[in-house]
Amino acid sequence: MRPACAALKPPVQASLGPGGEHPFKTVCVLGSFRVYKVPSSDLRVDGRGCDDYRCVEVETDVVSNTSGSARVKLGHTDILVGVKAEMGTPKLEKPNEGYLEFFVDCSASAAPEFEGRGGDDLGTEIANTLYRIFNNKSSIDLKSLCISPREHCWVLYVDVLLLECGGNLFDAISIAVKAALFNTRIPRVRVLEDEEGSKDIELSDDPYDCVQLSVENVPCIVTLCKIGYRHVVDATLQEEACSLASLLVSVTSKGVVTCVRKVGKGSLDPESIFEMLETGKRVGKVLHASLQSILHKEESLGPKRQKVGFLG
């Protein structure tokens, strides 16, 4: 993780509670939501149905020296994300756009196999997956990050730190990244040009004069693990050990699939893939709705919102 994640301040905590016929019900604890669905059969070992998520806690604005940050706990999986906006030069192939850079650090305390350089391969795999799901124009308006074409742009450094690994890493990371981007504030800038044609960049002195990113189209990942003849979402470590193949489905809030990736050594037949895609789209749409509702409600409270903290 970049040094920005060294200083933490009390965050806002959020919770994912049982719902009636609607598959997901939002139980708000000031920034927390619970996604829950209880089918009439096919209960898992922990009592959840095949489409149920564990309790998800979302805490935003947890790192003081970043442009935006979030911490997500999904069961025993604990993820911290910090976003830092820095000025850079646009890429040659996209001179009028800014861009995102992803860094993933697998803490040695998250799992024994991460000790030394054990987590490097997983970190690279996660970062490459994030690049894939953000490699489209609809996720983030990259043109809004351009300050001066071919000369200056905003570069968003997204640092992901795995604090604890309890299964379903990709889903938890995608939720944390979206929450951190929602929390990100970029200083407003003006480009001043003198009579000789030279340009100067002027940043606003007002800390509240910032631009907020639109994350409405930022996708979330729904991982579906094939176990026997069925597939489940939000698998625990024990369930992942029983699964030979999984499907990572990147879904927007409108149910549009932007990326699909198969992981594991096992195979998936076409019928299973179709069913898993349909489940991913259905679950993903409601997951987005719950998350965005909580994020907007938290934002509306402003500085008066209750600070719970990591130990709350």
If one computes the Cα centroid of segment 100-114 and of segment 115-162, what distance in Å separates the two points? 15
Does anything in segment 237-253 have its amide N under 11 Å from the 7 Å Cα→Cβ label point of Glu125, and if so which residues? 246
Can you give the three extents of the C-alpha atoms in segment 53-184 along their principal axes, from longest to shortest, in whole Å? 45, 28, 27
Under 5 Å from the placed amide H of Glu164, counting only residues 5+ away or on other chains, we find Asp78
Tally Lys/Arg at +1 and Asp/Glu at -1 over every other residue whose Cβ is under 12 Å from the Cβ of Arg261; what's the total? +1
Counting only protein heavy atoms and leaving out ligands, DNA and RNA, the solvent-accessible surface of Val256 at a 1.4 Å probe, in Å² to the nearest 10, equals 80
All aspartates and glutamates inside 13 Å of Lys73 as judged from Cα atoms, apart from same-chain residues fewer than 8 positions distant: Glu57, Glu59, Glu164, Asp171, Asp234
With a 1.4 Å probe and all protein chains left in place, how much of the accessible area of segment 46-150 comes from carbon and sulfur atoms, in whole percent? 47
What residues have an amide H closer than 5 Å to that of Cys146, excluding those fewer than 5 places away on the same chain, when H is modeled at 1.01 Å from N in the peptide plane? Gly98, Trp154
How large is ³J(HN,Hα), in whole Hz, for each residue of segment 243-252 in order, when computed from phi with the Karplus curve 6.51 cos²θ - 1.76 cosθ + 1.60 and θ = phi - 60°, using x for Gly and Pro? 9, 8, 8, 9, 10, 9, 10, 8, 10, 8
Entries of Lys137/Lys265; Lys84/Lys226; Lys226/Lys254 with Cα pairs more than 29 Å apart: Lys137/Lys265; Lys84/Lys226
Enter the per residue convex hull volume of segment 140-214, computed from alpha-carbon coordinates, in Å³ rounded to the nearest integer. 113
Tell me, what is the 1.4 Å probe accessible area of Val232, in Å² to the nearest 10? 10
Positive-end residue, segment 100-238 charge dipole about Cα centroid, Cβ charges, pick of Asn136, Ile227, Ala176: Ile227
³J(HN,Hα) computed for each position of segment 283-288 - Karplus, 6.51 cos²θ - 1.76 cosθ + 1.60, integer Hz, glycine/proline x: 5, x, 4, 6, 4, 4
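The values are calculated or read from the model by the stated rules, or taken from the named source; none is laboratory data. Keep in mind the model is a prediction, meaning the values are calculated, not measured. Glycine gets a Cβ as well: all are built from the backbone with ideal geometry, and neighbour counts include every protein chain shown. Note: areas computed on protein heavy atoms with side chains; ligands, DNA, RNA excluded. Shrake-Rupley method; radii C 1.70, N 1.55, O 1.52, S 1.80 Å.
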